[in-house]
Amino acid sequence: MKCAALLGVPLLLAGCRGPLSALSPAGPVAQDVAGLWWAMLTGAAGLTGMVLALVAMGFGRPRQVREGRWSFGLGVWFPLGVLTLALAGAIWVGERILPHGPALEVRAHARQWSWTFTHEGPDGPVETQGVLHVPAGQPVDVLITAADVIHSFWVPRLGGKMDAIPGRTNRLRIQADRPGTYEGLCAEFCGLDHADMRFDVIAHDPALWPPRLTQAPRP
Ligand SMILES: [Cu+2]
């Protein structure tokens, strides 16, 4: 039993890594999201442990309990404290990941079932299909919209998730600490080929920015 548990831990943790894991952040925005996730997991584990301890106490010998302490202490004040802490943490992190201050802007346009990205270049806007180019080490605001149905833009290792809605432009800030290729996907079921609606984000060395991009043919 102990052996199975010891073997299970690495297997469980192996699920935390990978190109589409929000628990393997590669930038400050994703780092904040992952931090909130771990804080919530720790809190949930603590609460589960406490409930299991109370259940275990129920199997012990009967004892005198003070109703006020149990009803108000554990029934009212404790959950109020936990919820206040969770809310304060979520508001603090939520505020940090909002787009504050200037940033490079790129456009993401979703349609069934592909992504078109528009980059402002020295010779005017350049469109690419399925590949978004950003500089590493600086914030980038993605202006997200859609042509047909609701999609969702998500690069788990670089930031949060944002809906792509026809007729509306949503702004999402992402940032990559280091140059590299990061995987993204549509995170809102949008039809038959939703599962294939993937894209890559290439973060370039800032010294080599802007890269020479090739205009994609219009679909
Ligand atoms: Cu989709």
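The values are calculated or read from the model by the stated rules, or taken from the named source; none is laboratory data. Since this is a predicted model, take the numbers as computed values, not measurements. Every residue, glycine as well, gets a Cβ built from its backbone with ideal geometry; the counts of neighbours run over all protein chains shown. The accessibility values were calculated without ligands, DNA or RNA, using every heavy atom of the protein model including side chains. Shrake-Rupley method; radii C 1.70, N 1.55, O 1.52, S 1.80 Å.
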Whole-angstrom Cα spans of the chain along principal axes, big to small: 80, 40, 39
Linear extension gain, Asp141 paired with Leu98, 0.36 nm per residue minus alpha-carbon span: 14.5 nm
Per-residue SASA entry for Thr169, accessible area with 1.4 Å probe, Å² rounded to 10: 80 Å²
Label-point gap, in nm, between Val55 and Ile150 - each point 7 angstrom along Cα→Cβ: 3.6 nm
Net charge dipole size for the range 85-219 [Lys, Arg +1 and Asp, Glu -1 on Cβ; Debye, nearest 20]: 140 debye
Percent carbon-and-sulfur accessible area, the chain, ignoring ligands, DNA and RNA, probe 1.4 Å: 64 percent
Calculated FRET value between Ala86 and Asp193, using beta carbons and R₀ = 41 Å, to 0.05: 0.65
Surface accessible to a 1.4 Å probe, Asp193 within the full protein complex, Å²: 70 Å²
Residue-level accessible surface for Glu183, protein heavy atoms, 1.4 Å, Å²: 70 Å²
Förster-model FRET efficiency, 45 Å R0, Ala45 and Gln215, C-beta, rounded to 0.05: 0.30
Fraction of beta bridges assigned by DSSP in the chain that are antiparallel (%, nearest 5): 70 percent
